[in-house]
RNA sequence: GGGCGAAUAGCUCAGUUGGGAGAGCGCCUGCCUUACAAGCAGGAUGUCGGGGGUUCAAGUCCCUCUUCGCCCACCA
């Protein structure tokens, strides 16, 4: 075999870009054409084109990539659909901010030019996002990439809107909506973030029209009194019973308004009387309906006091108006009291402006019928959350569903497919443009100026991306998809709505497994955010630590359902692992020169080989189990421990016995096995350490054929994932090897405690207990033990004679006498043995207590009792021997 | 006002059916042993938040309390 040589120093920059291009060129990102097997499909949660990817995307896309690569290697036709989201408000805000910096506005620019500008920005961000996904190694099918505003998806959006309108699930109406005065648009209830705010509560006296006296109301929003059209008290409130039906003069205005009774009122709160402002509060809106009160809107779209208010307040902001109104109330003697008051205030989830409940005409989706089906899909087990607890969030939202306001007063988005004929009053809801339809020739039609909520295109993402409403082969083959990987912050925005749309339009939930990732946080547990400046850019991580380190570290730290606290240095975990893999491989390849490969079928396995295959087998099983349960950290821990602790620390170390010896046939044999194990291990590692495993796979000798009967693949990405082989399992070898490790470690511990340098070999004698099961194994591995423990001459003895003048390492079933007595201090050794005895005594006490306790022997499982008895036997045995050692020491 | 999560080694966190407490980093000791000092070998460190209960057996199941965090909710 030729001695391939890896670079002395590991540097991921040397191959990552090249490897990614090789993957792309291999065609492996696309699902294979064999449609007969069960496909594994993920559609990406489309990142917003507003910005660039942050660590949250890094996590979520890393996990998707791990799943995709695992199932691809498992042989399933695997598809990961990439794409981006136009993100209506968010994107429009970014562009508008830019325009402001340039000293202009979108109104000045005009709608068409504004949209064009936005497209341009979309292109720029899109290329950055794509680049980032490539850099982190995302193995998605770029030939199927979609954008929520592309032609196909726009058509799907129109289809959905019109179809829902036809089914009476979309309607238009004038209601109180959540209005962001800064974005200038309505928002859905879910887009409002409620936060506790320190405010005040004012008590104001409204004088009666007839006669003296007045009624006091409490309010947190005094400025809205300008739009009051009533006062409500509880029907059973005796304090106010005599006032019901009376009228009050609304201060600062010339309006007279009635006092009504309504059981909504809480008698305990405030004064027990509440002002009613139907046009500016959802509860008041409802009360206004019940009592047929006028709705007086006192705010403009920009949030300024309008012409319905007394002249002096017009044009003021809410804040200014509040101040002015309070001042006027006070000076005219209407203000009774001001108190500090903590309450919840809604804020815009995009720009953080305080939300105004504001009356306007909007389009809505009737959610109840859709929600019922989405709930049923969960009840029937059609969808499953990982971790399970998120189903509470899902069902709670669906059970308390409210209609969805879908129209947005923006320019960036899907234009609502509705046209108005102002002359006739006709409302035309159409899949195609009626202005181009001869049937409407001669009529003056005006398209609805508004666009649809971004989520209105997102909720159909799992099937619109596959070509719907066309009946495409992709749709047929890949819908429903298999898994969704996303964050808990968008369970209602997105996940629940996708289930609704999937059932409504495709007749089936859009995915089966919903994996909810934790949030990436900084090391102090704080959310990463621009304002805190504690964000980490995935590209920076990829550059300094490598894409594999990025993905592996995130997976390793990603306990299911838990947030992921991370700092830049955390990624050392992954990069050190990559370095380890690189160097282990380098060692193997260095020793390839002059070796003749042995076909696996002709290789005889020694005990150590059997052991490593046993461990490999276990690790594959552990990986399979972890992946089936979406336990990414478990998968990562499994391969990490196997590669580092088993393969490197023991198997490779043990192989030096063969490779540094003179026997060419043995060298060939061991070298071949090292390669076989390495080859299979690279396949095992690939989903988690994709770049480096691919690079190494490509460096393995072309002639090397996998030991498990699978075929070498042109690229590792599409090679077969290792399988569990029953015949590789060998518990007896595993147990014996564990004894060997105990023995070696015992010697090493003594060496270390007495600071005996590695170069100094020590002679040793080993004595076995009579029935020690691993005796033969260890006896046959004496050369190996000699090497691993730094022993000079090793003897196996029958009695304890050799203990004299030696240091003893006591193990389960054996003891080792080390001829280093001259080097050590007896007192140190005595105290070491005494500590060991104390430890064993503690263990023994635990076990005997257990065994002597009532019920344990009777009720515990028999194997548990048996194990406990075995432990007692072993512990007593070790203890007894330790005491003899101590005796010998103290006597001499 | 409901619901959920967290509390385990100095730090950040794992711990899958209950059956002798783990990792990474940090710390201490000794090693530049011809794959790797981004390394090797060894070591120290825990009333598993408090209290109660179930059980032969609890970090793990139940109740309760405390402290953080998140989500939902129309109390002006």
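Return the only residue of A:873, A:881 being within 11 Å of RNA strand B (Cβ to nearest atom) and either over 30 Å from residue A:799 (Cβ atoms) or assigned to a helix (DSSP H, G or I) (or both).
A:873
Could you list, in sequence order, the residues of region A:404-421 that are in contact with a helix residue (DSSP H, G or I) (Cβ under 8 Å, 6 or more places away or on another chain) and not in a strand (DSSP E or B)?
A:406, A:410, A:411, A:412, A:413, A:414, A:416, A:417
Output the qualifying pairs, or none if there are none: Cβ atoms under 7 angstrom, residues six or more apart or on different chains, first residue in region A:847-876 and closer than 23 Å to residue A:772 by Cβ, second residue assigned to a loop (DSSP other than H, G, I, E, B).
From region A:847-876, the pairs are A:874/A:812.
When you scan region A:389-405, do you find a residue that is away from RNA strand B (no atom under 13 Å from the Cβ), surrounded by fewer than 19 Cβ atoms within 10 Å (Cβ to Cβ) and either farther than 26 Å from residue A:169 by Cα or modelled with pLDDT under 90 (or both), even just one?
So far as region A:389-405 goes, no, none of its residues is away from RNA strand B (no atom under 13 Å from the Cβ), surrounded by fewer than 19 Cβ atoms within 10 Å (Cβ to Cβ) and either farther than 26 Å from residue A:169 by Cα or modelled with pLDDT under 90 (or both).
Determine whether residue A:522 is out of contact with any helix residue (DSSP H, G or I) (no Cβ under 9 Å at 6 or more places or on another chain), within 19 Å of residue A:560 (Cα to Cα) and within 14 Å of RNA strand B (Cβ to nearest atom).
The answer is yes for residue A:522.
When you look at residue A:84, is it touching a helix residue (DSSP H, G or I) at 6+ places or on another chain (Cβ under 8 Å), in contact (Cβ under 8 Å) with a residue 60 or more places away in the chain and in a loop (DSSP other than H, G, I, E, B), yes or no?
No.
For region A:560-586, which positions are within 7 Å of RNA strand B (Cβ to nearest atom) and either touching a helix residue (DSSP H, G or I) at 6+ places or on another chain (Cβ under 6 Å) or over 26 Å from residue A:517 (Cβ atoms) (or both)?
Result: A:573, A:575, A:578, A:579, A:580, A:583, A:584, A:586.
Looking only at region A:525-535, which residues are out of contact with any strand residue (DSSP E or B) (no Cβ under 7 Å at 6 or more places or on another chain), within 14 Å of RNA strand B (Cβ to nearest atom) and in contact (Cβ under 8 Å) with a residue 40 or more places away in the chain?
Hits for region A:525-535: nothing passes.
Could you tell me which of the residues A:759, A:865 is within 16 Å of RNA strand B (Cβ to nearest atom), in contact with a helix residue (DSSP H, G or I) (Cβ under 6 Å, 6 or more places away or on another chain) and either over 19 Å from residue A:882 (Cβ atoms) or part of a helix (DSSP H, G or I) (or both)?
Sole residue among the options that is within 16 Å of RNA strand B (Cβ to nearest atom), in contact with a helix residue (DSSP H, G or I) (Cβ under 6 Å, 6 or more places away or on another chain) and either over 19 Å from residue A:882 (Cβ atoms) or part of a helix (DSSP H, G or I) (or both): A:865.
Please indicate, with yes or no, whether at least one residue in region A:790-810 is within 46 Å of the chain's Cα centre (by Cα) and within 12 Å of RNA strand B (Cβ to nearest atom).
no
Of all residues in region A:280-294, which are under 19 Å from residue A:252 (Cβ atoms) and surrounded by 17 or more Cβ atoms within 10 Å (Cβ to Cβ)? It would help to see each step written out before you state the result.
Filtering region A:280-294 for residues under 19 Å from residue A:252 (Cβ atoms) gives A:280-281, A:284, A:293-294.
Correct list: A:280, A:281, A:284, A:293.
I'm told residue A:666 meets every condition in (1) in a loop (DSSP other than H, G, I, E, B); (2) more than 12 Å from RNA strand B (Cβ to nearest atom) except one. Can you identify the failing condition by its number?
If we test residue A:666 against (1) in a loop (DSSP other than H, G, I, E, B); (2) more than 12 Å from RNA strand B (Cβ to nearest atom), just (1) comes out false.
Counting only residues that are more than 14 Å from residue A:288 (Cα to Cα), without any contact (Cβ under 8 Å) to a residue 60 or more places away in the chain and part of a loop (DSSP other than H, G, I, E, B), how many does region A:241-266 have?
Within region A:241-266, residues that are more than 14 Å from residue A:288 (Cα to Cα), without any contact (Cβ under 8 Å) to a residue 60 or more places away in the chain and part of a loop (DSSP other than H, G, I, E, B) number 8.
Quick check, is residue A:557 touching a strand residue (DSSP E or B) at 6+ places or on another chain (Cβ under 6 Å) and under 25 Å from residue A:133 (Cβ atoms)?
Details: touching a strand residue (DSSP E or B) at 6+ places or on another chain (Cβ under 6 Å): yes; under 25 Å from residue A:133 (Cβ atoms): yes.
In short, yes.
Tally time: how many residues in region A:846-857 are within 7 Å of RNA strand B (Cβ to nearest atom) and in a helix (DSSP H, G or I)?
Selection size over region A:846-857: 4.
With the condition being modelled with pLDDT of 90 or more, within 13 Å of RNA strand B (Cβ to nearest atom) and over 30 Å from residue A:407 (Cα atoms), I'd like the strands (runs of 3 or more DSSP E) fully within region A:183-240 carrying at least 1 qualifying residues.
Passing ranges, in order: A:192-207, A:214-219, A:230-233.
Would you call residue A:793 under 30 Å from residue A:649 (Cα atoms), in contact with a strand residue (DSSP E or B) (Cβ under 6 Å, 6 or more places away or on another chain), outside any helix (DSSP H, G or I) and without any contact (Cβ under 8 Å) to a residue 60 or more places away in the chain?
So residue A:793 passes the test.
Does region A:621-631 include one or more residues that are free of Cβ contacts under 8 Å to residues at least 12 places away in the same chain and more than 30 Å from residue A:780 (Cβ to Cβ)?
Looking only at region A:621-631, we keep the residues that are free of Cβ contacts under 8 Å to residues at least 12 places away in the same chain, and these are A:625, A:628.
Subsequent filtering for residues that are more than 30 Å from residue A:780 (Cβ to Cβ) retains A:625, A:628.
Yes; the residues of region A:621-631 include at least one that is free of Cβ contacts under 8 Å to residues at least 12 places away in the same chain and more than 30 Å from residue A:780 (Cβ to Cβ).
Out of the residues in region A:333-352 meeting the condition of being under 25 Å from residue A:94 (Cα atoms) and surrounded by 14 or more Cβ atoms within 10 Å (Cβ to Cβ), tell me which one is farthest from RNA strand B (Cβ to nearest atom).
Within region A:333-352, the first condition is being under 25 Å from residue A:94 (Cα atoms), and the residues that meet it are A:345-352.
Those still in the list that are surrounded by 14 or more Cβ atoms within 10 Å (Cβ to Cβ) too: A:345-351.
On the way: A:345: 9, A:346: 9, A:347: 11, A:348: 13, A:349: 9, A:350: 14, A:351: 17 Å.
Out of the qualifying residues, it is A:351.
Anything in region A:438-462 that is farther than 28 Å from residue A:147 by Cα and in contact with a strand residue (DSSP E or B) (Cβ under 9 Å, 6 or more places away or on another chain)? List them, or say none.
Matches in region A:438-462: A:440, A:443, A:444, A:445.
Here are some conditions: (1) within 15 Å of RNA strand B (Cβ to nearest atom); (2) in a strand (DSSP E or B). Residue A:279 meets all but one. Which one does it not meet?
Here residue A:279 clears every test but (2).
List the number of the failed condition for residue A:59; all other conditions in (1) closer than 29 Å to residue A:630 by Cα; (2) more than 16 Å from RNA strand B (Cβ to nearest atom) hold.
(2)
In region A:622-634, which residue that is within 11 Å of RNA strand B (Cβ to nearest atom) and part of a helix (DSSP H, G or I) is farthest from residue A:387 (Cα to Cα)?
A:622
Scan region A:159-180 for residues that are assigned to a helix (DSSP H, G or I) and surrounded by fewer than 21 Cβ atoms within 10 Å (Cβ to Cβ) and jot them down. Reasoning before the result, please.
In the first step, residues of region A:159-180 are kept if they are assigned to a helix (DSSP H, G or I); the result is A:159-166.
Answer for region A:159-180, where residues must be assigned to a helix (DSSP H, G or I) and surrounded by fewer than 21 Cβ atoms within 10 Å (Cβ to Cβ): A:159, A:162, A:163, A:165, A:166.
Since residue A:823 meets every condition but one in (1) within 14 Å of RNA strand B (Cβ to nearest atom); (2) at pLDDT 85 or above; (3) in contact with a strand residue (DSSP E or B) (Cβ under 9 Å, 6 or more places away or on another chain), which condition does it not meet?
Of (1) within 14 Å of RNA strand B (Cβ to nearest atom); (2) at pLDDT 85 or above; (3) in contact with a strand residue (DSSP E or B) (Cβ under 9 Å, 6 or more places away or on another chain), only one is false for residue A:823: (2).
Restricting attention to region A:355-368, does a residue exist that is under 30 Å from residue A:626 (Cβ atoms) and either part of a helix (DSSP H, G or I) or touching a helix residue (DSSP H, G or I) at 6+ places or on another chain (Cβ under 7 Å) (or both)? Walk me through it before giving the result.
Kept after step one, since they are under 30 Å from residue A:626 (Cβ atoms), are these residues of region A:355-368: none.
No.
In this structure, is residue A:698 within 30 Å of residue A:6 (Cα to Cα), more than 16 Å from RNA strand B (Cβ to nearest atom) and part of a helix (DSSP H, G or I)?
Judged against the criteria, residue A:698 is a match.
The values are calculated or read from the model by the stated rules, or taken from the named source; none is laboratory data. Computed from a prediction, not measured in an experiment: that's the story for all the values here. Cβ sites come from the backbone with ideal geometry, for glycine too, and all protein chains shown count toward neighbours.
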